[in-house]
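Chemist: Okay, here's the structure, questions in a sec.
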Amino acid sequence: MLWAARQLRDSEVTVYFVATVQEEVGLRGAQIAADRVYPDFAIALDTTIAADVPGVNEREFVTRIGKGPAIKVMDGGRGNVFIAHPALTNFLVSVAEELKIPYQLEVLIGGTTDALGIAFRRMVYRQPPYQYPQGTFTALWNY
């Protein structure tokens, strides 16, 4: 996230990078950040489940270790369903393909990310989380 911030130092648009807290107890940090920043769109960077281990049915893998970052299509948790905006999801896929970055499309049932809190708090629908099987951090980008 810091590398991306440095690359955008001279950007012609306003970009906010926000690290949030309390995702697991109600998406609180993301909601407060969304209220303060009021982004036109956001990209949430987070971890996801890589369950490709012995004993787990392949249908439950969500993502696989070593197959690239995940671009969320949908998740469901906390009584809501988050569906990523198709235009931004398609943009991230096209960038990954152009740069030959392996990626995985993620559908996660039973969990969610800060993107849900941001989208439902400020009605910002263009937010596909870009997730990694390891590491935890969140960013809001305001263009």
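Chemist: Spot the failing condition for PHE41; the list is (1) part of a loop (DSSP other than H, G, I, E, B); (2) of a type outside the set (Val, Ile, Thr); (3) free of Cβ contacts under 8 Å to residues at least 60 places away in the same chain, and only one is missed.
Modeler: (3) is the only condition that PHE41 fails.
Chemist: If you take the residues of region 25-75 that are over 14 Å from the mean Cα position of the chain (by Cα) and of a type in the set (Phe, Trp, Tyr), which of them is modelled with the lowest pLDDT?
Modeler: Checking each candidate, the answer is TYR38.
Chemist: Go through ILE65, ILE71 for me and flag whichever is outside any loop (DSSP other than H, G, I, E, B) and either small (Gly, Ala, Ser) or on the phi < 0 side of the Ramachandran plot (or both). Before the answer, list the steps.
Modeler: Numbers: ILE65 fails: outside any loop (DSSP other than H, G, I, E, B).
Matching residue, one of ILE65, ILE71: ILE71.
Chemist: Is there a residue being closer than 19 Å to VAL95 by Cβ and not in a helix (DSSP H, G or I) anywhere in region 14-34? Give the derivation first.
Modeler: Of the residues in region 14-34, the ones closer than 19 Å to VAL95 by Cβ are 15, 17.
Within this subset, residues satisfying the condition of being not in a helix (DSSP H, G or I) are 15, 17.
Yes, some residue in region 14-34 is closer than 19 Å to VAL95 by Cβ and not in a helix (DSSP H, G or I).
Chemist: May I pose another question? For region 3-61, what are the residues that are under 20 Å from GLY76 (Cβ atoms), surrounded by fewer than 13 Cβ atoms within 10 Å (Cβ to Cβ) and of a type in the set (S, T, N, Q)?
Modeler: ASN57
Chemist: Out of everything in region 97-121 that is at pLDDT 90 or above and in a loop (DSSP other than H, G, I, E, B), what residue ends up being nearest to PRO86 (Cα to Cα)?
Modeler: Once the filter is applied, the top-ranked residue is TYR103.
The values are calculated or read from the model by the stated rules, or taken from the named source; none is laboratory data. A quick note: this is a predicted structure, and the numbers were derived from the prediction, not measured. Every residue, glycine as well, gets a Cβ built from its backbone with ideal geometry; the counts of neighbours run over all protein chains shown.
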